[in-house]
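The values are calculated or read from the model by the stated rules, or taken from the named source; none is laboratory data. Remember, it's a predicted structure, so these values are computed and weren't measured experimentally. Neighbour counts are summed over all protein chains in view; Cβ atoms, including those assigned to glycine, are modelled from backbone coordinates with ideal geometry.
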């Protein structure tokens, strides 16, 4: 409301002052209802920013849980690997003193022992018992201590040296070859 409007309506200066005063009081009373508007607006912005941070927090929390699960899995895998390596070392120590007919046989027996030791049905059995079970009644696994070893025969067609010719002639019952 403007003074000019009140003067045009025919009010006196005192009446205009009174109306303006009352109007000012009404305006101030209504303003006081919204006096904390800026403060409330600031609080709302702060709350919204906190909510945004919470969204990030949830993502970070999910990542942390994922990494904890991965760490637990890696720890379990490492423990299983250590257990497997320990078992393999134990088997090698056990079979290291045994005289197998060849390396292939030793490796096969080691693999079978590892499998048997990992089997739940064999829990409580010693490695010696399992070895005996695997090898009982089977031949050509371990070298026999008193068994004669076959002589080494030179390969045919290789070398052709004087000694090889002399041996071949002797086997055939021929006299030694004369030197030139």
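Brief remarks on what is shown
- The single condition among (1) within 26 Å of residue 145 (Cα to Cα); (2) over 26 Å from the mean Cα position of the chain (by Cα) that residue 89 does not meet is (2).
- Here the condition is being surrounded by 10 or more Cβ atoms within 10 Å (Cβ to Cβ), without any contact (Cβ under 8 Å) to a residue 12 or more places away in the chain and over 19 Å from residue 142 (Cβ atoms); of 81, 123, it holds for 81 alone.
- Qualifying residue in segment 152-160 (condition: surrounded by 11 or more Cβ atoms within 10 Å (Cβ to Cβ) and either in a helix (DSSP H, G or I) or at pLDDT below 75 (or both)): yes
- Here residue 147 passes the criteria (1) at pLDDT 85 or above; (2) in a loop (DSSP other than H, G, I, E, B) except the one numbered (1).
- Hits in segment 86-103 - residues which are touching a strand residue (DSSP E or B) at 6+ places or on another chain (Cβ under 9 Å) and either within 14 Å of residue 130 (Cβ to Cβ) or in a helix (DSSP H, G or I) (or both): 98
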